[in-house]
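Below is one structure, written out as structure tokens; the observations come after it.
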Amino acid sequence: MKKFFSTIRNIFTIEELRTRIFNTLGFLLIFRLGSFVVLPGIDPNLLDAGEPTGIFALLNTFLGGAFSRASIFALGIMPYISASIVVQLLTVAVPYFQKLQKDGESGRKKINQITRVLTIAITIFQASAYLTTIPAEAVVIDPFTWRIASVIIITGGTLFCMWLGEKITDKGIGNGISMLIMIGIIAALPGALIAESVSRGMEGMLLFIIELAALFFVVMGVVLLTQATRRIPVQYAKQVIGGKVYGGQRQYIPLKVNASGVMPIIFAQSLMFIPGMVAGLWADESDIAASIGATFSTYTSWQYNLVFALLIIIFTFFYTAITVNPNQIADDLKRNGGFVPGIKPGRDTSNFIDNVLSRITLPGSIFLAIVAILPAIATLAGVNQQFAQFYGGTSLLIMVGVVLDTLNQIESYLLMRHYEGMMKSGKIKGRSENVAVA
């Protein structure tokens, strides 16, 4: 405990780090306040008080309730996330975007501009669709004028959220976009804890403590999944340049067990609404269709979770394949005079990396699928549904990833100022290891 308080004191001793932390808190406060500002022309008392379901419930979780409150930040940063995913996929499939990616800083700026323009287009489309979910009786002004004004306001709100995220990255601590998503998720945690403790009562307090202990071990498992890497040793040939010897040292290529992050869960979750929607079209004509619709509308059913897990495993392999290119890694190593000991440079190195990647992706994808279905398991075990969502899924993975990234940045500031790090070893695992440039 003494070391903890000493570390906190050291953090706030560094003026730049202290300023960045306060800037981050200020920007996050603005974001949270904006999520409670209701769109003009709406009577909030006439909004549907029920909790959103399906994909809307997922969006509402990420946005800290702004979606259900018809806020000016109703779509938050999500259109920007969608645009970023589209552009990322285009950099894999379209030669023009591949060229931009290799053009350095100028190419990165061009990609950012394209992403922002695409964000505006996606926001206008999604805002128009979102306004149809608001009850007509809640609109107290001319509907046509309200719709046009609301689309403009929501689009402006999304652009403002995007600006906040960029400011957090530049003047704050951590990744700004991820921070905005995380703060929306964490906003629901206190209410979930209170609801669970109240539902258990004094006689069920021991069970509530067991649930908290189980959540702790789940979080530790997700941390392991996020941090786990397979290090491939790389040796660089010695070179004599200007009478000095360069190279000859051994470095490593860190291949992450979960290189795809939360994307497989997001993709799979998007597809899981299709069976229920399609079956609903024939529900009145067929008992089988009605049964399928009911089954896939219940996220705790074993059929839903089996299909969900299989989709996650498939998408993990797919997303890893398009984000990690063994051929490019092998070519970069060969160009820089590096080689994997015992493996010939070029095609053999590419095949070796591809085989290693496939072997570590399989257990990583299975573990990711287990994490994704843990909320359903927790709900079946009697945990309150609001609290059960923190036992796994996209929410937990995002929170763990953002916290680890933020801790890494704070750790770097401490070590640069010659303070003792946050861990006894003086570094967070995987932070200061030699990494081969790919």
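Every read-out reported here was derived from the displayed coordinates using simple, explicitly stated rules and does not represent laboratory data. Note that the structure is predicted; figures quoted are calculated from it, not measured. In this analysis, Cβ positions are derived from the backbone assuming ideal geometry, glycine residues included, and neighbour counts consider all displayed protein chains.
A few remarks follow.
- Here the relative contact order of the chain, from alpha carbon pairs under 8 Å that lie six or more residues apart, stands at 17 percent.
- Rel. contact order, % - alpha carbon contacts under 8 angstrom, at least six apart, segment 158-237: 12
- Compared with the alpha-carbon gap, the fully stretched path from N327 to L206 is longer by 38.2 nm at 0.36 nm per residue.
- Sum of -39500 (n - 2.57) over DSSP H runs of 4+, divided by residues of the chain (222 nm, nearest 500): -21500 deg cm²/dmol
- In terms of the mean number of neighbouring beta-carbon atoms within 10 Å, the peptides 367-375, 229-237 order highest first as 367-375, 229-237.
- FRET efficiency estimate (nearest 0.05) - Cβ-Cβ, V37 to T133, R0 25 angstrom: 0.85
- Annotation: amide H-H contacts under 5 Å for I253 (H modelled 1.01 Å from N, sequence separation of 5 or more, or interchain): I232, V234, A436.
- Most mobile listed residue (G342, G76, G41) in the chain, GNM with C-alpha springs under 10 Å: G342
- With a Förster radius of 35 Å applied to the beta-carbon distance between A187 and V140, the computed FRET efficiency rounds to 0.80.
- Cβ-based net charge around I141, under 15 Å, with every Lys or Arg adding one and every Asp or Glu removing one: -2
- Net charge of the neighbourhood of A388, taken over other residues with C-beta under 13 Å away and scored Lys/Arg +1, Asp/Glu -1, is -2.
- Divide the volume of the convex hull around the Cα atoms of segment 1-185 by the residue count and you get 160 Å³ per residue.
- Centroid-to-centroid separation of segment 156-206 and segment 323-392 [C-alpha atoms, Å]: 27
- Checking the Cα-Cα distances for K110/K171; K171/K334; K99/K334; K102/K344; K102/K167 against a 31 Å cut-off, the pairs over it are K171/K334.
- For the pair Y252 and A121, label points projected 7 Å from Cα toward Cβ lie 4.3 nm apart.
- D (Stokes-Einstein, µm²/s), Kirkwood Cα radius, the chain, 1.306 mPa s at 10 °C: 65
- Inter-site label distance for L25 and T295 at 7 Å from Cα along Cβ, in nm: 5.2
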